[in-house]
Structures are given as C-alpha cells and as structure tokens.
Amino acid sequence: MNTENAVVVDRNGLTPPDIAMLRRVMGHFCTGVAVITAMAGKRPVGFACQSVVSVSLDPPYISFCPSKTSTSWPLLRNAGHLCVNILAHDQRELCSTFAVSGGDKFAGVDWALAGNGAPAFGGALARIEATVELEHNAGDHTIVVARITDLTAEDHAKPLLFYKGGFGGFEEPTPVSRHH
C-alpha cells in the first residue's frame, strides 16, 4: 500500500459526531450505485459500492472505498484489473445481491468479460475498466485509487440512485450550465 502522499490532519480536542447522526446526514447526499467486479482466478467476484468518484482526468483516475470488513475486496485487489459497473434504474435486485456477503452472487446474472478480463454486467448504465494503483487507510474503509483503462456508457438509460437509505431515480436530468 502506498501512503507516502497521504496527509493526516490532527484535530485534537474535537469530538466525533454520533454515528447514527452521521449516517442520517450523509444519507442526504444522493449517490449512484455500482458493483465493482474482478476475476479471482476463474471465479467472478464483486461487491456493491456507492462511493465511486472521478478523481482526475489526467491521468484518468477514479476512487472507491471498500469496507475493511469486505471479504470480496482482498480478492479484487489481488486481481488488479477491475470493472466498475454503474447500475441502471432496473438493477435494484442486482445491487441487493452484491451488497451482502457469501453465496454465488453471479448466479443468474447477465455478464461477460470486459476487455481487461473483469466481469461486465449486461444492462449496466456504464462500465469503467480500471487497474488498482494506490490504497490509503481511511478509518473503517480503504480509499482505492484506480487508473481508468477503458469505459463506455449507455446514453438512454436511467441511473439507480441511493438516497436516505433507499433506492430511487429521476425521470430526466436537468442540463448543467458549463459557465464558470
């Protein structure tokens, strides 16, 4: 794990917020939902993740944050080549399947190998192929930075969104002005 560029800020004397309140407040931040996949030998593995963000355009980086208790993340880390499957509005059950530990999560799932050899889901809103480059310790999670190697998107599908502990979506996006 490369942590030489990590910055730790010491805030002595500050009381951390109540965990229940932290969950409630952060639940107000609507996120997309993804399933991050890889091949562990000949076996597909993956986990649901709502903490995927774009980090850099040059070089092209994304990040995501698996829980330290994840049993899937060590297998994906060892594979190195990942596929971030950004879920469409009709893939709620798929998300629920990959949000829990154990079992054959890929049973009955429409998937094929992406160009980098990681599982890519049929019907996904978008796909990002990436290679793990950095990891940083972040409390009960790990911050992973991965270099994007290929990507594709379905322009006419709607996203699966997570908000206040539940799933949802929206009809049509409102264009964002590019004026700065």
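Summary table
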read-out	value
Cα-projected label distance for D18 with T71, points at 7 Å along beta-carbon direction, nm	3.4
Computed label-point distance, nm, for sites S96 and V55 using a 7 Å Cα→Cβ extension	3.3
HN-Hα J in Hz across the range 101-106 - Karplus 6.51, -1.76, 1.60, θ = phi - 60°, x for Gly and Pro	7, x, x, 8, 5, 8
Label-point gap, in nm, between A153 and E133 - each point 7 angstrom along Cα→Cβ	2.0
Interchain or long-range residues, amide H under 5 Å from S51's placed H	C65
Other-chain or far-sequence residues with amide H under 5 Å of T149's (modelled H)	E129, A130, T131
Ordering of 150-159, 113-122 by packing [mean C-beta count within 10 Å, highest first]	113-122, 150-159
For the range 43-108: accessible area per residue (Å², 1.4 Å)	52
List K68, K105, ordered by accessible area with a 1.4 Å probe, largest first	K68, K105
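The values are calculated or read from the model by the stated rules, or taken from the named source; none is laboratory data. Remember, it's a predicted structure, so these values are computed and weren't measured experimentally. Here Cβ is always computed from backbone atoms with ideal geometry, including for glycine, and neighbour counts include all displayed protein chains. Quick note on the areas: whole protein, heavy atoms, side chains included, nothing else; ligands and nucleic acids left out. Shrake-Rupley method; radii C 1.70, N 1.55, O 1.52, S 1.80 Å.
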